[in-house]
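Peer 1: Just passing along the structure, written as structure tokens.
The values are calculated or read from the model by the stated rules, or taken from the named source; none is laboratory data. Remember, it's a predicted structure, so these values are computed and weren't measured experimentally. Quick reminder, even Gly has a Cβ in these numbers, built from the backbone with ideal geometry, and neighbours come from all protein chains shown.
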Amino acid sequence: MMSVIAAIDIGTNSILLTVAELGAGEIRTLCERSHITRLGEGLNATGRLGVEPIRRSLEAVRQLLDEANRLRAETVLAVGTEVLRKASNAGDFVRACEAIGLRVEVITGEREAFLSYLSVAKDPLFAQRAERLTMLDVGGGSTEISHGRSVRLEASLSYPIGAVRLTEGYLHTDPPTADEITALQQAVRQQLQQEPPLQEGEYLVGVGGTFVNLASLHGRYEIYDPSRVHGAVLSLQAMHALANELCALPVVERRQLPGIEPDRAPVLHAGALIVLTVMQALQAEQVAVSMRGLRWGVIYEYADAHRD
């Protein structure tokens, strides 16, 4: 029997929706949507969600719920991440979501890391490439690194180093100065002191909008099309080049680069620096790109729990 499930991921920088049809041991994608709402804008400075970011994000939630309902989703699961873990008024936003029909579960960093890892480990594309997987999820407010074998997660940590958070914390000049870039990278390295280098045979996979946009920019696609980059591989050398290119341009020129979401341009340079610095810390020569991430982990977990 077929069933339709929707998963919504409410993050610091974007809100994402996946609607999928489950049945006969298969999962078929019906819809993928992404709205960049910058819910966490200004959070570092105030500790609170701002009025305008809340308004933008609630409007996106309404649109995504309408899409899920149009596709007759029987179950809608929504999770909130670092932005709602950190904000002192996160409860106000969660209650506002409930008022328009969406119950949001604010999950721990550890659970976020597990679900993001699951989105990679249960993806047939990556499961066939390697048994040992390392998942790297660079979000707006936090970064998760998870190590495992097949679908078994072995170690995972969530770090407070996201693209929005570090843009606001370190990159104050447009384009950023060399000193600002160095300070950001030092902050990332400081957080990663517990992370060991990748072992032989470990395969690194990056999930989230930062990776999808970087791969799209690297491919010089004329329009942003996430489906074209799922499974693409970025070398360490390519990441150096992308970070240098993005950091050399002011935001108005970053918005015009081929293949990226213009609304991600204000923080994409920080995202590239985070990815580059993490790869260096892990001694990774390449990273594969997944366009799925947390919401797909939610779907895989639900599907496993409701198999006939």
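Peer 1: Just checking, which of Leu236, Leu282 is modelled with pLDDT of 95 or more and more than 19 Å from Ser146 (Cβ to Cβ)? So that I can check it myself, show each step before the final result.
Peer 2: Numbers: Leu282 fails: more than 19 Å from Ser146 (Cβ to Cβ).
Answer to the selection: Leu236.
Peer 1: For a quick check of your reading: which strands (runs of 3 or more DSSP E) sit entirely within the stretch 122-182 and have at least 3 residues that are among the hydrophobic types (A, V, I, L, M, F, W, C) and either touching a His at 6+ places or on another chain (Cβ under 7 Å) or closer than 24 Å to Gln193 by Cβ (or both)?
Peer 2: Working: elements: 132-138, 143-149, 152-159.
Result: 132-138, 152-159.
Peer 1: I'd like the full set of residues that are in a loop (DSSP other than H, G, I, E, B), more than 14 Å from the chain's Cα centre (by Cα) and either on the phi > 0 side of the Ramachandran plot or modelled with pLDDT of 90 or more (or both), limited to the stretch 2-38.
Peer 2: Looking only at the stretch 2-38, we keep the residues that are in a loop (DSSP other than H, G, I, E, B), and these are 2, 11-13, 24-25, 37-38.
Checking which are more than 14 Å from the chain's Cα centre (by Cα) leaves us with 2, 24-25.
Scanning the stretch 2-38 gives Ala24, Gly25.
Peer 1: If you don't mind, there's one more thing I want to ask. With the structure loaded, tell me whether Gly42 is without any contact (Cβ under 8 Å) to a residue 40 or more places away in the chain and in contact with a Gly (Cβ under 6 Å, 6 or more places away or on another chain) or whether it fails that test.
Peer 2: Values: without any contact (Cβ under 8 Å) to a residue 40 or more places away in the chain: no; in contact with a Gly (Cβ under 6 Å, 6 or more places away or on another chain): yes.
Against the criterion (without any contact (Cβ under 8 Å) to a residue 40 or more places away in the chain and in contact with a Gly (Cβ under 6 Å, 6 or more places away or on another chain)), Gly42 does not qualify.
Peer 1: Could you give every pair whose Cβ atoms fall below 9 Å, whose first residue belongs to the stretch 236-260 and is at positive phi and surrounded by 14 or more Cβ atoms within 10 Å (Cβ to Cβ), and whose second residue is in a loop (DSSP other than H, G, I, E, B) and among the aliphatic types (A, V, I, L, M), counting only separations of at least 6 or pairs across chains?
Peer 2: Listed pairs, sorted by first residue: Gly259/Ile223; Gly259/Val229.
Peer 1: Give the stretch 91-104 a look and list any residue that's in contact with a strand residue (DSSP E or B) (Cβ under 7 Å, 6 or more places away or on another chain) and exposed (fewer than 13 other Cβ atoms within 10 Å of the Cβ), or say none. Spell out the reasoning first.
Peer 2: As a first pass, look at the stretch 91-104 and keep what is in contact with a strand residue (DSSP E or B) (Cβ under 7 Å, 6 or more places away or on another chain): 94, 97, 102-104.
Passing the criteria: only Arg103.
Peer 1: Is it true that some residue in the stretch 128-148 is in contact with a helix residue (DSSP H, G or I) (Cβ under 7 Å, 6 or more places away or on another chain), at pLDDT below 95 and either outside the structural domain of Ala248 (by TED's automatic domain parsing) or surrounded by fewer than 21 Cβ atoms within 10 Å (Cβ to Cβ) (or both)?
Peer 2: Checking the stretch 128-148: not a single residue is in contact with a helix residue (DSSP H, G or I) (Cβ under 7 Å, 6 or more places away or on another chain), at pLDDT below 95 and either outside the structural domain of Ala248 (by TED's automatic domain parsing) or surrounded by fewer than 21 Cβ atoms within 10 Å (Cβ to Cβ) (or both).
Peer 1: Anything in the stretch 47-67 that is out of contact with any strand residue (DSSP E or B) (no Cβ under 8 Å at 6 or more places or on another chain), on the phi < 0 side of the Ramachandran plot and touching a residue at least 24 places away in the same chain (Cβ under 8 Å)? List them, or say none.
Peer 2: Result: Arg48, Leu49, Ile54, Leu58, Arg62.
Conditions tested, residue by residue: (1) of a type in the set (Phe, Trp, Tyr); (2) part of a helix (DSSP H, G or I); (3) more than 28 Å from Ala78 (Cα to Cα).
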site	(1), (2), (3)
Thr210	no, yes, no
Glu222	no, no, yes
Met239	no, yes, yes
Asn244	no, yes, yes
Cys247	no, yes, yes
Gln256	no, no, yes
Arg264	no, yes, no
Leu276	no, yes, yes
Gln280	no, yes, yes
